[in-house]
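Note sheet for the following structure.
Bear in mind that the values in this text are calculations on the coordinates, not laboratory data. The model shown is predicted, which means the values in this text are computed figures rather than measured ones. Cβ sites come from the backbone with ideal geometry, for glycine too, and all protein chains shown count toward neighbours.
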Amino acid sequence: MALRVALDANRYGDFCRGDEAVVLAVRRAREIVLPFVVLAELRAGFRSGTRARQNERTLGRFLASERVSVLFADEATTHIYAALFADLRRAGTPIPTNDLWIAALVVQYDLVLLSRDQHFDRLPQLPRR
């Protein structure tokens, strides 16, 4: 079964460094999505580092793939965000705001999230690898 995956910033970095498991998951994916928040986090990190131009070129090549797209929030996303936020707040287990946007998009578009962040485990409705 071909997956539709969303990459978190840490897994994009793992992919670029050649992490075998992530490279294999990306190769097998039918569609690879970068949530807009991940794209912003990556570019913020690039600007904070010493290899901004090289990293931006690498990202540009990645984004040029026909299987890769950037996913933006819409009004429906805000409802999912609000529901997830309320669930996490009731449970006393909030997660960072950017990651909540990522989670909302993953749920909305029925994606599988590739991330190392363990706080995503607090969201059982979020498929992960």
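Go through the residues of segment 26-38 one by one and say whether even a single one is farther than 18 Å from Arg128 by Cβ and in contact with a strand residue (DSSP E or B) (Cβ under 8 Å, 6 or more places away or on another chain).
Within segment 26-38 (the criterion being farther than 18 Å from Arg128 by Cβ and in contact with a strand residue (DSSP E or B) (Cβ under 8 Å, 6 or more places away or on another chain)), the answer is yes, since at least one residue qualifies.
For segment 71-129, which positions are in contact with a Lys or Arg (Cβ under 8 Å, 6 or more places away or on another chain), within 16 Å of Glu41 (Cβ to Cβ) and among the aromatic types (Phe, Trp, Tyr)?
Result: Phe120, single match.
State all residues of segment 81-129 that are in a loop (DSSP other than H, G, I, E, B) and under 15 Å from the mean Cα position of the chain (by Cα); if no residue qualifies, say none.
Ile95, Pro96, Tyr109, Asp110, Leu111, Ser115, Arg116, Asp117, Leu123, Leu126, Pro127, Arg129
Please determine, by comparing only the residues of segment 1-30 that are outside any helix (DSSP H, G or I) and in contact (Cβ under 8 Å) with a residue 40 or more places away in the chain, which one is surrounded by the most Cβ atoms within 10 Å (Cβ to Cβ). It would help to see each step written out before you state the result.
So in segment 1-30, the residues outside any helix (DSSP H, G or I) come out as 1-8, 17-19, 29-30.
Filter once more, keeping what is in contact (Cβ under 8 Å) with a residue 40 or more places away in the chain: 3-8.
Details: Leu3: 16, Arg4: 16, Val5: 24, Ala6: 26, Leu7: 28, Asp8: 24.
This residue is Leu7.
Would you pick out the residues in segment 54-86 that are charged (D, E, K, R) and touching a residue at least 24 places away in the same chain (Cβ under 8 Å)?
Across segment 54-86, the qualifying residue is only Arg67.
Scan segment 33-79 residue by residue and report those that are small (Gly, Ala, Ser) and either loosely packed, with under 13 Cβ neighbours inside 10 Å or assigned to a helix (DSSP H, G or I) (or both).
Ala40, Ala44, Gly45, Ser48, Gly49, Ala52, Gly60, Ala64, Ser65, Ser69, Ala76 - these are the residues of segment 33-79 that are small (Gly, Ala, Ser) and either loosely packed, with under 13 Cβ neighbours inside 10 Å or assigned to a helix (DSSP H, G or I) (or both).
Any chance segment 81-98 includes a residue that's under 13 Å from Ala6 (Cβ atoms) and charged (D, E, K, R)?
no
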